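Student: There's a structure below that I have some questions on.
The values are calculated or read from the model by the stated rules, or taken from the named source; none is laboratory data. Here the structure is a predicted model, which means the values were calculated and not measured. Cβ coordinates were reconstructed from backbone atoms using ideal geometry, including for glycine residues, and neighbour counts include every protein chain displayed. Note: accessible area is taken over every heavy atom of the protein model, side chains too, but ligands, DNA and RNA are not part of it. Shrake-Rupley method; radii C 1.70, N 1.55, O 1.52, S 1.80 Å.
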Amino acid sequence: RQGIGEPSVYHAVVVIFLEFFAWGLLTTPMLTVLHQTFPQHTFLMNGLIHGVKGLLSFLSAPLIGALSDVWGRKSFLLLTVFFTCAPIPLMKISPWWYFAVISMSGVFAVTFSVIFAYVADITQEHERSTAYGLVSATFAASLVTSPAIGAYLSQAYGDTLVVVLASGVALLDIGFILLAVPESLPEEMRPVSWGAPISWEQADPFASLRKVGQDSTVLLICITVFLSYLPEAGQYSSFFLYLRQVIGFSSETVAAFIGVVGILSILAQTVVLGILMRSIGNKNTILLGLGFQILQLAWYGFGSQPWMMWAAGAVAAMSSITFPAISAMVSRNTDPDQQGVVQGMITGIRGLCNGLGPALYGFVFYLFHVELNEMAEVETLGKASKPNMANPTDNICLIIPGPPFLFGACSVLLSLLVALFIPEHNLALRSGSHKKHSTGAQAHPHSPPAGGSDGKEPLLEDSSV
């Protein structure tokens, strides 16, 4: 095999850590470049950029997954990491090209899909959830540490050094894949696969979504996921910019906020989640997580003081238990040969939200005239505790500094009402109920047995951090 040693989960962990560590370093410089490039309608442009990227990822993920079943994982790991990190050096070379390439890089921004397929190739089914959890925890760890490091270096040495360092980490990741990562798809499978046709259903991003309405329980779960993850995806795209420019956080404070909330989220998803699942049950844990998410979003929407953001951040950590709890409910109540069908549906819904959520948040910010003023004003102490809006005479915006977050809270409230009707036991995906539809959602016919259907799409853990 090319690479160092036998393929292992640790190869996947290093690839994920380096990629997201590189992007985490850029948290502070990216906020500055975004404002300088789009001084007017910054939130709207930010939402559109992330929206295009998310929609392209949703459309391309099934095709890249199907091709990796034929040509192997290593080449597509190299492809996805290279094109995902390609915009990094452009931040200082040409900001316009930087944001344009970020949008277009969504076609290849599906590293998690290939990583989970890689892990599925080399693990037994009973080991897979633990391996996925290790990859997800690594993703969280990279984003907990890197923004603080990037903010410190930016403050001490300037943004250029941070961009150079992030580019170096990305190159290190590419070199690691080229030299150290062995192919996980067995060689005896690949020669047979080269001439294997790829069906349209395998590459169709809407294939799993069309099956949602065929079962009432799965429909309820997917509606719950859509209504709750739509605001979360929008929040991820704009929240750090919102903290910096509207609430008045410094770059160091934003980095500290990311670190603290990230650590609390890891604790919530490991220690607290297990306790809740044993004590109040799976469904009640989901409802509790949605309740925390409503409180968090409402607090973000009405909060105008820094301490309110910190308090809401602690609540946000508790809301991160929702998606692991939903994933556990599906996996516990679904037949083994139907896991990929249901998980694929939920993953497809989430991918769609990654495109729609940022665009929705940017549009709502634009509707309510929440814009940015000069960067220097934001850094002054007098502005630190005041909402920084282009139209401060707008009474609605004075009362609700963050209108998109309040819209998000209403969406999650609807999600909570839908979740009340999900049966906790006997999920209605039983043998034969979707058998005729499972072919396209299962692994490629030439894939190894160990790389089953839940290797083709990332499970919910990857975005719950």
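Student: Taking all protein chains in place and a 1.4 Å probe, what share, in percent, of the accessible surface of the range 1-185 do carbon and sulfur account for? Before the final figure, lay out the partial values.
Tutor: On the way: 5130 of 7070 Å².
Result for the range 1-185: 73 percent of the exposed heavy-atom area is carbon or sulfur.
Student: Hey, can you find the accessible area per residue of the range 1-185 for me, probe 1.4 Å, expressed in square angstrom?
Tutor: 38
Student: Continuing with this model, one more query. How big is the dipole moment of the range 1-185 about its Cα centre under a simple scheme where the beta carbon of each Lys and Arg is +1, that of each Asp and Glu is -1, and everything else is neutral? Debye, nearest 20, please.
Tutor: For the range 1-185, the charge dipole is close to 340 debye.
Student: How much length is gained if the chain between Glu6 and Ser75 is pulled fully straight, taking 0.36 nm per residue apart and subtracting their Cα-Cα distance, in nm to one decimal?
Tutor: Extra length from Glu6 to Ser75 when fully extended: 23.2 nm.
Student: Let me ask another. Can you tally the net charge around Ser167? Count Lys and Arg as +1, Asp and Glu as -1, for every other residue whose Cβ sits under 13 Å from the Cβ of Ser167.
Tutor: Summing Lys/Arg as +1 and Asp/Glu as -1 gives -2.
Student: Another question about this same structure. With Cβ to Cβ distances under 13 Å as the rule, what net charge do the other residues near Leu78 carry (K, R +1; D, E -1)?
Tutor: -1
Student: Could you tell me which of Val101, Leu179, Thr37 has its Cα farthest along the dipole of the range 1-185 towards the positive end, charges placed at Cβ (Lys, Arg +1; Asp, Glu -1), taken about the Cα centre?
Tutor: Selected residue: Thr37.
Student: Sorted from largest down, what three extents in whole angstroms do the Cα atoms of the range 1-185 have along their principal axes?
Tutor: So the three principal-axis extents are 51, 35, 26 Å.
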